[in-house]
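Each remark here refers to the structure printed beneath this line.
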């Protein structure tokens, strides 16, 4: 039997020695048990996969990752003297205190066990009471560290969320992302869950790297005093070699994680889409077709998850060997060196109890150092996850910044040249004059709307009207008519600055002086008062010098005075989309129009569910208060309230002319 085997046998013959050996192996095994499973994220409420492929997504620990990470860090930690920096320092201080507590626990625990083996009751009582007295402080340090990490995660999330929403809810960026740009279609998931996961993972990575690195140096110093510097040196060499190997091994994890979140979001989207359109699907009896759509999305998710599970299996096997069993073997080799050296004068005449006490102390110190080493080694895996989240958040930031600058990308047709995509620049009759988004001229001027050689073009590049020329001044009510798809809604989207100009010159008031009243009015979350004054707040209403009595007058004018009594006052909160009928919602929208008193109002079939007398009062009242109307309707009862008509023929042309009161129709 070898000397090492004799020593292990002699130590293991003692129950405490066997326990210590098991403790060493368990400590080395700690590294593989720490969060081996890939983190699952809850899918978003509304998400859809964009045109980009998974292979095209860059999500790896490389120079691009660190560049993205640095950009986000400057947002979540904007300066040295900030709350975030304070919590970073607080967490670091807590980690240092926690490490010293661990060192004290090792020494105190060893002293107690030595007293038990030496059958010394006074030393046992002394050590035990020391431990009891320190328990409140130890518990406080552990929970202060958790508190600091939780606050740090929350601060990061507040900073990043506020920054993203400041851009997302500025200048119709939210509309452009959903309707003009198709690089990202699951913005809700990115803004909520991906931001949360990034902040949590980043804060955890800070903790999982800071404390282990500190532990390694402190425990290495402690270990060097008992077994020499060669032991810690071997551990450091193992750290560098195994860390590099495992990081390379886990390289695809970031890409697979990002793809998983897309597919999870897709699966949630098709389910929420069915809920949103359940009535229409039921009328069409489309349950079988919807089942195919949902199950196809689910099967794509399952296929990817199976692929990910197999990948984690292969990586886990190698992880176990490198981070668990090799670490255990190395730990035994390091801790045994001073004891197996028969010429070591320190243990030449040592008693069994002294050998055991020193072995306990060295073994436990090595266990903690092995744990710290393992955390640093496995931090590479956590970093690949962070790379996946950073890629998604960074992509969102890039798109938001582009849209805020008026730039958008929309994939339409994939050509055969390396998978490149055509832009939205369709050509007119002159092949040398492409239509470029944003190339038109916008001039802000009150009380006039003038289209001067403006082509009506969709964001896809489809030309609806080649040349739009007309002028409407305040007091000139205009009726807009034409077949479906001819460009009526497109005209108003350009007028509202939702779509870019592809040429020509547009003269119009500021968009705050235009008001849109759709057929299905939007009811906001809030009180009954909020429905009338939307998008104003109660404070903005007060600043305008308006009181609730004036709002009640608007309600009476549209025959909704009974709502105040039925809903128990202005401060009542309901799900107004469901509580109000279709006609009530349209009349609320009319009262909203009277409240805002814009220069121009766009009425898009907004009186289809109200009575003729209420409709007539609305048009008469708008003329009295100076609101000029653009009305989309084919109802003959509205002709008498308009002086001009803009007639689309659906074939790329339109005609603007005065309504002849002697005719019954105007060319339709």
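Could you check the simple spin-label distance between residue 105 and residue 326, using points 7 Å along Cα→Cβ, in nm with one decimal?
2.8
In vacuum, with every alpha carbon of the stretch 91-217 counted as one equal point scatterer, what does the Debye formula give for log10 I(q)/I(0) at q = 0.19 Å⁻¹? Two decimals, please.
The Cα Debye sum returns log10 ratios of -1.02.
What number in nm² do you get for the stretch 561-643 if you take the convex hull of its Cα atoms and divide its surface by four? Spell out each step's value before the answer.
On the way: hull surface 23.9 nm².
Its Cα hull, projected and averaged over all orientations, spans 6.0 nm².
Evaluate the stretch 155-207: find the radius of gyration of its Cα atoms, find its Kirkwood radius, and give the ratio Rg to Rh.
Rounded to two decimals, Rg/Rh equals 1.06.
How large is the Kirkwood hydrodynamic radius of the stretch 441-658, in angstrom, based on all distinct alpha carbon pairs?
Details: mean 1/r = 0.0549 Å⁻¹.
So the Kirkwood estimate lands at 18.2 Å.
Could you sort the peptides 458-468, 251-261 by per-residue average Cβ neighbour count (10 Å cutoff), highest mean leading?
Details: 458-468: 18.1, 251-261: 21.3.
My ranking of the peptides, most packed first, is 251-261, 458-468.
Calculate, for residue 476 and residue 510, the FRET efficiency according to 1/(1 + (r/R0)^6) with r their C-beta to C-beta distance and R0 22 Å; round to the nearest 0.05. Walk me through the numbers on the way to the answer.
Values: r = 19 Å, r/R0 = 0.87.
So the FRET efficiency works out to roughly 0.70.
In which sequence would 244, 499 go, from the one with the fewest C-beta neighbours within 10 Å to the one with the most? Please report the intermediate quantities before stating the final value.
Values: 244 12, 499 22.
In order of increasing Cβ crowding within 10 Å: 244, 499.
Extension gain residue 540-residue 522, at 0.36 nm per residue separation less the Cα-Cα distance, in nm?
Details: separation 18, 0.36 × 18 = 6.48 nm, distance 1.95 nm.
Result: 4.5 nm gained on full extension.
Per 0.36 nm of contour for each residue apart, how much would the distance between residue 67 and residue 574 grow if the chain were fully extended, relative to their Cα-Cα spacing?
Computed gain between residue 67 and residue 574 is 177.9 nm.
So how long is each side of the stretch 61-110 along the principal axes, counting just the alpha-carbon atoms, biggest first, in Å?
Taking the Cα atoms of the stretch 61-110, the three principal extents are 48, 29, 9 Å.
Bear in mind that the values in this text are calculations on the coordinates, not laboratory data. Every value quoted in this text rests on a predicted model; they were computed, and no experiment measured them. Reconstructed Cβ throughout: ideal geometry from the backbone, glycine too, with neighbour counts over all protein chains shown.
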